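Worksheet: the structure to be examined is printed underneath.
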Amino acid sequence: MNTIRIATLGGIGALGFALTMPQAATAGAEVTLNDADKAAVFKAAGAVQRKGIWVICEPPADSGAPTSSGAVIDTVRDLNGDGRPEAVVSDGGTYCYGHAGMGFQLLSKQANDSWKVMAGSNGIPEFLKTQGKGGWPDISIGGPGFCFPVQRWNGKTYELNRFEYEGKRCKPPR
């Protein structure tokens, strides 16, 4: 498996864990973005720059919650085999993302060089070997618990397809 660090903080992800992407779903090589593309990715993800960092969600100053450490681009690679890169942008904090402590946006570079949000959610994305239309990998969205939603690309949007835990279907608690 390939390991993608979230944000470097003494060699450990900012939230104390790393995202993993199964090798079969990440056949495309890691891509390096130039500064203009990085800015375009952050802007398309809804981030704004504050005090030199990109922020998607920041708690109000009077909330008592810690300020955001900033959004990061976790990985950039061709996930669906179309020859154009996709980027995963994450942002952390329980004020904005609840018990999962993290939210993400999956963006895809379009033929006109713009970036488009393909999926986004509270939670931790894991790209699975199973695929939807056009070779887009299914996304398991992790967080607290033991039964996670899996979204599948239907040709227009990522939609809930099933719930899984460790590769087996499950029913989430009500």
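The values are calculated or read from the model by the stated rules, or taken from the named source; none is laboratory data. Owing to the predicted nature of the structure, the values given are computational and were not obtained by experimental measurement. Cβ placement follows ideal geometry from the backbone for every residue including glycine, while neighbour counts extend to all protein chains displayed.
Hey, can you tell me all the residues within the range 119-174 that are among the polar types (S, T, N, Q) and modelled with pLDDT of 95 or more? THR130, GLN131, SER140, GLN151, ASN154, THR157, ASN161, listed by residue number.
To keep it simple, each residue is scored yes or no on (1) surrounded by 14 or more Cβ atoms within 10 Å (Cβ to Cβ); (2) touching a residue at least 12 places away in the same chain (Cβ under 8 Å); (3) of a type in the set (Ser, Thr, Tyr).
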position: GLU58; (1), (2), (3): yes, yes, no
position: ASP82; (1), (2), (3): yes, yes, no
position: SER90; (1), (2), (3): yes, yes, yes
position: ALA111; (1), (2), (3): no, yes, no
position: GLY123; (1), (2), (3): yes, yes, no
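Going through (1) modelled with pLDDT of 90 or more; (2) crowded, with 20+ Cβ neighbours inside 10 Å; (3) not small (Gly, Ala, Ser) one by one, ASN34 falls short only on (2).
Filtering the range 53-79 to residues that are part of a strand (DSSP E or B) and under 14 Å from the mean Cα position of the chain (by Cα) leaves VAL72, ILE73, ASP74, THR75, VAL76, ARG77. Within the option set GLY70, GLY92, GLY64, being more than 21 Å from PRO144 (Cβ to Cβ), touching a strand residue (DSSP E or B) at 6+ places or on another chain (Cβ under 6 Å) and modelled with pLDDT under 95 holds for one residue only, GLY70. With respect to LYS156, is the statement that it is at negative phi and without any contact (Cβ under 8 Å) to a residue 12 or more places away in the chain true? Yes, satisfied. Across the range 41-52, the qualifying residues are those that are in a loop (DSSP other than H, G, I, E, B) and aliphatic (A, V, I, L, M), and the one among them that is nearest to the chain's Cα centre (by Cα) is ALA45. Cβ-Cβ contacts under 6 Å between residues 6 or more apart (or on different chains), taken from a first residue in the range 127-153 that is under 19 Å from PRO172 (Cα atoms) to a second residue that is small (Gly, Ala, Ser) and modelled with pLDDT under 95, are listed as ILE141/SER121; ILE141/GLY123; GLY142/GLY123; GLY143/ALA100; GLY143/GLY123; PHE148/GLY142.
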